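Report on the structure given below.
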Amino acid sequence: ECPGTGSAQAGRAAACQGCPNQGLCAAGAAGPDPAEAAELRARLRAVRHTVLVLSGKGGVGKSTFSALLAHGLAADETKQVALLDIDICGPSIPKIMGLEGEQVHQSGSGWSPVYVEENLGVMSVGFLLSSPDDAVIWRGPKKNGLIKQFLRDVDWGEVDYLIVDTPPGTSDEHLSIVQYLSATHIDGAVIVTTPQEVSLQDVRKEINFCRKVKLPIIGVVENMSGFVCPKCKNESQIFPPTTGGAEKMCQNLNVSLLGKVPLDPQIGKSCDRGQSFLAEAPESPATLSYRNIIQRIQEYCEQHHFQEEKIM
Amino acid sequence: TLAERTNLAGVRHILLVLSGKGGVGKSTISTELALALRNAGKRVGILDVDLCGPSIPRMLRAQDSAVHQCDSGWVPVFVGQDEAIALMSIGFLLERPDDAVVWRGPKKNALIKQFVTDVAWGDLDFLIVDTPPGTSDEHISTVEALRPYQLLGAILVTTPQ
């Protein structure tokens, strides 16, 4: 008999052997120890909103979206934005933010994030590598250790929005970030996908993961959703939504579809050059989509905060 | 063990399909490569070690298949038009296709080792190993488990950007 996923015996009871959830329950039961949790809470106390950017699938645009979300939120100079890249094997954020070659500095109060703007700070394992081609070939436990260090030792200061970019999958990095951030509070997850079933298949698992670890889902973003030719203006479906795309999936799973972003070759170019696509192509339909989505995320966070304050 | 010596003993060439990056087409290429080799009359198998996002079963229309045991271990699922491509994937072990495999490294490593040594591949000209993005547990464990055997090499997949 299952002892219950919330119980102290979760993952450890005899009945847990062979249960597909065992690892998750056991991992949850062995979260950060109280001293560590207190340390993390102290460090993250001045963070008002935290948004995780997830996907079961690789290459759908998580890092691109995380970067643009950060840029979009930081356009308001009164807001302090932090972007944390925990994709340890494939950290894309330094390049996308135009920060390749930057190093992390230590100060009395911890590691300093690298600032793109005065109000936009970035941290990534990419900054710790001596050469961008160095492979980080680490097993889970070592990756978890670095993620904990990022959260504990980076001096973020006062932050209105902490955006966390993740690698694809549902493994060590994802479990760890949820566990370590339980010391503070996560507003929710934005899940990125592309329209085809091969992506949705993995994204449903991610939605499942969020539900298992009780991570609220702010909504789903469908990237690479159609392509309008700049010459003939015809629209094509480069990745046809053979099973109804994100829209159908969101209906079926009762999650919000935050928006669809069309393919624009300028997006990839801006990322490669480390420039903000929103600034470089303000007239693109993709920019309009991104801005709408960013606004919806902002509204979700502000409303959430307001409700929390009401409860308190 | 005897099983370790026999289960991959009949496999002539083992090919890894890798990329640091996700979403570049590793599983697509692995599938097309398998189909093309099969078309050329070769005996082919695919080992899908992407535990979090196993794509191969759907690509070969085998998402509803189940795996059986025999004396030498697990029997692969036979897919493709002539049902002659041997496939093993965690996709076949999930109770529900939307179940997330939320495992930390050590549990993933254990399953990969099993996939390498306990699947009764039989005689194959090519075993294609499809991997998840990254350079972590799955990759380290797969290479370590395959080390005693004849690894032909790795194909790296990328996109232009």
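Readers should treat all values here as calculations from the given coordinates under stated rules, not as data from a laboratory. Remember, predicted model here, so these are calculated numbers, not experimental data. Positions of Cβ are generated from backbone atoms using ideal geometry, with glycine treated the same way; all protein chains shown enter the neighbour counts.
General observations
- Those residues of the range A:157-180 which are in contact with a Pro (Cβ under 7 Å, 6 or more places away or on another chain) and surrounded by fewer than 23 Cβ atoms within 10 Å (Cβ to Cβ), in sequence order: A:Gln179, A:Tyr180
- For the range B:91-103, taking the residues that are surrounded by 23 or more Cβ atoms within 10 Å (Cβ to Cβ) and more than 19 Å from B:Val79 (Cα to Cα), the one that is farthest from the other protein chains (Cβ to nearest Cβ) is identified as B:Val101.
- Checked against (1) in a loop (DSSP other than H, G, I, E, B); (2) closer than 19 Å to A:Met249 by Cα; (3) within 12 Å of another protein chain (Cβ to nearest Cβ), A:Pro195 meets all criteria but (3).
- Taking (1) of a type outside the set (A, V, I, L, M); (2) in contact with a strand residue (DSSP E or B) (Cβ under 7 Å, 6 or more places away or on another chain); (3) away from every other protein chain (no Cβ under 13 Å) in turn, B:Pro57 satisfies each apart from (3).
- Restricting the range A:201-217 to residues that are more than 10 Å from chain B (Cβ to nearest Cβ) and touching a helix residue (DSSP H, G or I) at 6+ places or on another chain (Cβ under 8 Å), the residue that is surrounded by the fewest Cβ atoms within 10 Å (Cβ to Cβ): A:Pro216
- Identification of strands (runs of 3 or more DSSP E) wholly contained in the range B:1-112 with 1 or more residues that are in contact (Cβ under 8 Å) with a residue 40 or more places away in the chain and over 24 Å from B:Val157 (Cα atoms) yields B:68-70, B:73-75.
- Any chance A:Arg291 is in contact (Cβ under 8 Å) with a residue 40 or more places away in the chain, out of contact with any His (no Cβ under 8 Å at 6 or more places or on another chain), within 29 Å of A:Glu100 (Cα to Cα) and assigned to a helix (DSSP H, G or I): yes
- In the range A:42-68, the residues that are part of a strand (DSSP E or B) form Cβ pairs under 8 Å with partners that are of a type in the set (Asp, Glu), at six or more places apart or across chains, as follows: A:Arg48/A:Asp160; A:His49/A:Asp160; A:His49/A:Asp187; A:Thr50/A:Asp187; A:Val51/A:Asp187; A:Val53/A:Asp165; A:Leu54/A:Glu206.
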